Amino acid sequence: MLRFIKYNLESIGSVEWYPLFSLLIFVVFFIIVVLRVTKMSKAHVIELSDLPLNDKIDTNIKDL
């Protein structure tokens, strides 16, 4: 099974760049997430952590 995949990948031009681009996309995404989380205010973090425990009913949602 692997030789079929290997043959198809060898026929694609510049296939050796795909893993590098995938790693680059992952690293950039991870850095953006880390920066966003570190710059988040303490009040916002507390608000987000309380969301699952909040018993308030949103008044904008209409009953079906």
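The values are calculated or read from the model by the stated rules, or taken from the named source; none is laboratory data. Here the structure is a predicted model, which is why all the values come from computation and not from measurement. Quick reminder, even Gly has a Cβ in these numbers, built from the backbone with ideal geometry, and neighbours come from all protein chains shown.
A compact table of results
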quantity	calculated
Total residues in region 19-44, condition loosely packed, with under 10 Cβ neighbours inside 10 Å, part of a helix (DSSP H, G or I) and either in contact with a helix residue (DSSP H, G or I) (Cβ under 7 Å, 6 or more places away or on another chain) or among the polar types (S, T, N, Q) (or both)	1
Answer from Glu47, Glu16 - the residue that is surrounded by 10 or more Cβ atoms within 10 Å (Cβ to Cβ) and at pLDDT below 90	Glu47
Cross-chain or 6+ apart pairs with Cβ under 8 Å, region 13-27 first and at negative phi, then part of a helix (DSSP H, G or I)	Val15/Leu9
